[in-house]
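The values are calculated or read from the model by the stated rules, or taken from the named source; none is laboratory data. As the structure is a computational prediction, the values presented were derived from the model and not from experiment. So basically every Cβ, Gly included, is an ideal-geometry build from the backbone, and we count neighbours across all protein chains shown.
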Amino acid sequence: MGSRWLGYSQDNLSGKIGLDYKLADGNLVYASISRGYRAPSFNAQAFFDPSELSIAKPEQVTSYEVGAKTQFADRKVTLNVAGFYYDYRNQQFINVDPASAAQTLLNIPKSRIYGGEAELTIRASDRLTFHGGMGLLATKIQRGSVSGVNVAGNRLSNAPTLTFNATIDLTVFDGGMGKLSLHPDVAYQSSQFFEVLNVPRLRQSSYALVGGHIDWESADGRFNASIWGKNLTDKFYFTSRVDLLAGFGFDYNHIGIPRMYGVTLGAKF
């Protein structure tokens, strides 16, 4: 049974159709088509101007995905891969007016996203394991305007083209003195925009974050200690940026965490 809310229909029919096929060697391939839905939304961030009292149309995305889940070398190597295509209609987002800071809830009528991702785990031995992941992403607004500007052809916000992460779990020793293990990690992402106007000044360039931890646990499991660090190269980067230059003379930025390190101690009683 349908209903009406402030002039926008909330009627929706969503679902998923999928096919899984298990190969003779135990590996799995799959394909699916699904549709997601987000109801009409009222702007709860209306603080500065009556124009902020806006309503967004319902959002809908149709997803097409294919992939495989595989294991090799006597299950020592696990590889999962997937490819996807998203057809977005009326994607909802908040637009901030750089002159007044007014926040309006808008729709992007049509956009598309496609890409792929892979996850790899290699158990080289009982003491050494490698974990890695990679994502490829291509986004494009196919139809839409923001603040009177045609944004067709622009990239969607918060959508780096390439992401990558890797972690190593290495047990140095495990015996009467307890267990000592090393866990270095790195995470990389390519450049991205934080808004759909794709303002060059607000673009975040690519960066990598290096971290890790060294763990020790007593032989009886009662005591443990960890030395950890994040962003060890002290990379300066932004997690979000908002254009307020025209009205306020500055950009509103959120900055990522700087270099952090510490020690954690634990005991079980």
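Restricting the search to region 8-28, which residues are hydrophobic (A, V, I, L, M, F, W, C), assigned to a strand (DSSP E or B) and either loosely packed, with under 10 Cβ neighbours inside 10 Å or out of contact with any Lys or Arg (no Cβ under 8 Å at 6 or more places or on another chain) (or both)?
Within region 8-28, 17, 19 qualify.
Is it the case, given these coordinates, that residue 243 is acidic (Asp, Glu) and without any contact (Cβ under 8 Å) to a residue 24 or more places away in the chain?
no
Return yes when residue 56 is farther than 27 Å from residue 190 by Cβ, touching a residue at least 60 places away in the same chain (Cβ under 8 Å) and surrounded by 16 or more Cβ atoms within 10 Å (Cβ to Cβ) and no when it is not.
Here the answer is no, as residue 56 does not meet what is asked.
Any residue that is in a loop (DSSP other than H, G, I, E, B) and either polar (S, T, N, Q) or touching a residue at least 40 places away in the same chain (Cβ under 8 Å) (or both) - is there at least one of those in region 182-189?
No.
Could you identify the single residue in 62, 70 that is modelled with pLDDT of 95 or more and either surrounded by fewer than 14 Cβ atoms within 10 Å (Cβ to Cβ) or farther than 30 Å from residue 123 by Cα (or both)?
62
Output yes when any residue across region 13-22 is under 30 Å from residue 244 (Cβ atoms) and either among the hydroxyl-bearing types (Ser, Thr, Tyr) or free of Cβ contacts under 8 Å to residues at least 60 places away in the same chain (or both), and no when none is.
no
Mind listing whichever residues of region 105-156 are of a type in the set (S, T, N, Q) and either crowded, with 16+ Cβ neighbours inside 10 Å or farther than 25 Å from residue 44 by Cα (or both)?
Of everything in region 105-156, those that are of a type in the set (S, T, N, Q) and either crowded, with 16+ Cβ neighbours inside 10 Å or farther than 25 Å from residue 44 by Cα (or both) turn out to be 107, 111, 121, 125, 129, 139, 142, 150, 154.
Yes or no: residue 201 within 30 Å of residue 137 (Cβ to Cβ), within 24 Å of the chain's Cα centre (by Cα) and in a strand (DSSP E or B)?
When the stated conditions are applied, residue 201 does not pass them.
Name the residues in region 190-204 that are of a type outside the set (Lys, Arg) and in contact (Cβ under 8 Å) with a residue 24 or more places away in the chain, would you?
190, 191, 192, 193, 194, 195, 196, 197, 198, 199, 202, 204
Which residues, counting only those in region 216-269, are assigned to a loop (DSSP other than H, G, I, E, B) and among the hydroxyl-bearing types (Ser, Thr, Tyr)?
218, 233, 237
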